[in-house]
Each structure stands twice: as C-alpha cells, then as structure tokens.
1. State yes or no: is S11 assigned to a loop (DSSP other than H, G, I, E, B) and among the polar types (S, T, N, Q)?
2. Just wondering, is there one or more residues in segment 45-52 that are free of Cβ contacts under 8 Å to residues at least 24 places away in the same chain and acidic (D, E)?
3. Residues in segment 35-70 that are exposed (fewer than 14 other Cβ atoms within 10 Å of the Cβ), in a helix (DSSP H, G or I) and not basic (K, R): how many?
4. Within segment 20-40, identify whether any single residue is among the charged types (D, E, K, R), over 23 Å from A4 (Cα atoms) and under 20 Å from the mean Cα position of the chain (by Cα), and answer yes or no.
5. Would you mind telling me which numbered condition in (1) at negative phi; (2) without any contact (Cβ under 8 Å) to a residue 12 or more places away in the chain K40 fails?
6. In segment 14-34, what count of residues is obtained for those that are out of contact with any helix residue (DSSP H, G or I) (no Cβ under 9 Å at 6 or more places or on another chain) and not in a helix (DSSP H, G or I)?
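Every number here is computed from the coordinates shown, using simple stated rules; none is lab data. Keep in mind it's a predicted model, so treat the numbers as computed, not measured. Positions of Cβ are backbone-derived with ideal geometry, glycine not excepted, and every protein chain shown enters the neighbour counts.
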Amino acid sequence: MAVALHAAQLSLLNSQASLPKLAQFCVIAAVAVTVWDMRKKTRKALSHAEAHTLRDIGMTPGQARHEAEKAFFLR
C-alpha cells in the first residue's frame, strides 16, 4: 500500500531551516529505501525483458543479465 506525503507535509519539511537529527535520519532512510525499491523493481524488469526491448534501450542481454544480478543496494 503506497502512502504519499501530502503537500502540506512536504511544505512543512521544506519550510524548516534544519530538521531535528531524528527527522534527518528518517528522511535519509526513507530516500535510501525508496531508491533500493526502485532498483529492485527495475532489475527485476530487466531480467524479464525480451531481446528487442533491450535493443530499444541500448542494452545487450549480457549487460541486462549483469545489471539484474546486482544486489538492490549496489549502484
């Protein structure tokens, strides 16, 4: 279940000169988890992509396989 931040919540975060340390940590952690989730989904899609699709995005099957085998936390 996806829960999006509301505009008012984002506005409050953006209006602060600096966030409390715990809030900073939570924001950094949320961003990291979001990036990891995006990588996991992208790599899973690459692992199932057909050759013509890979050609369209400029990848070889070997490159796609190499990328798909990476752990989600690696760039």
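1. On the way: assigned to a loop (DSSP other than H, G, I, E, B): no; among the polar types (S, T, N, Q): yes.
In short, no.
2. Here is the first cut: in segment 45-52, the ones free of Cβ contacts under 8 Å to residues at least 24 places away in the same chain are 45-52.
Within this subset, residues satisfying the condition of being acidic (D, E) are 50.
The answer is yes, given that some residue of segment 45-52 is free of Cβ contacts under 8 Å to residues at least 24 places away in the same chain and acidic (D, E).
3. Here the count works out to 15.
4. Taking segment 20-40 as the starting set, the residues that turn out to be among the charged types (D, E, K, R) are 21, 37, 39-40.
Next, only the ones that are over 23 Å from A4 (Cα atoms) stay: none.
The answer is no, given that none of the residues of segment 20-40 is among the charged types (D, E, K, R), over 23 Å from A4 (Cα atoms) and under 20 Å from the mean Cα position of the chain (by Cα).
5. (2)
6. Our first condition is that a residue be out of contact with any helix residue (DSSP H, G or I) (no Cβ under 9 Å at 6 or more places or on another chain); within segment 14-34, this holds for 14-15, 17, 20-22, 24-26, 28-34.
Subset that is not in a helix (DSSP H, G or I): 17, 20.
Looking only at that region, the number is 2.
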